[in-house]
Amino acid sequence: MVATVRLDDALETTLNRVSKMLHKRKSDVIREAISFYAQNVEQNKKSRILNAIEKTKNIDKKEFKDFEGTLDDGI
């Protein structure tokens, strides 16, 4: 697949600098950057889901303890 990307001057300068520094073609740098970004997005999503699960488990534990306390009171 061929893609065309428009870059502002600052981003073009950054791409040129990184490309020269790594001795890689600009297209290789762009591909690696997209891959890196996608991995970070996926990891961030997974982390947020795991945090939500943990938060839900903690809330459920508290509610269970409160309910258990009510049962112990004979109500």
Can you tell me which of 61, 45, 57, 65 is basic (Lys, Arg), part of a helix (DSSP H, G or I) and within 18 Å of the chain's Cα centre (by Cα)?
45
Give segment 1-26 a look and list any residue that's among the aliphatic types (A, V, I, L, M) and surrounded by 12 or more Cβ atoms within 10 Å (Cβ to Cβ), or say none.
7, 15, 18
Find all pairs meeting these conditions: Cβ atoms under 8 angstrom apart; at least six residues apart or on different chains; first residue within segment 25-44 and under 14 Å from residue 5 (Cβ atoms); second residue assigned to a helix (DSSP H, G or I) and of a type in the set (A, V, I, L, M).
26/15; 29/15; 29/18; 29/22; 30/15
Identify all residues within segment 12-24 that are farther than 22 Å from residue 1 by Cα and under 26 Å from the mean Cα position of the chain (by Cα); write none if there are none.
14, 18, 22
For residue 29, indicate whether it is surrounded by 10 or more Cβ atoms within 10 Å (Cβ to Cβ), modelled with pLDDT of 95 or more and under 23 Å from the mean Cα position of the chain (by Cα).
yes
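The values are calculated or read from the model by the stated rules, or taken from the named source; none is laboratory data. Here the structure is a predicted model, which is why all the values come from computation and not from measurement. Because the Cβ atoms are built from the backbone with ideal geometry, glycine has one as well, and the counts that use them run over all protein chains shown.
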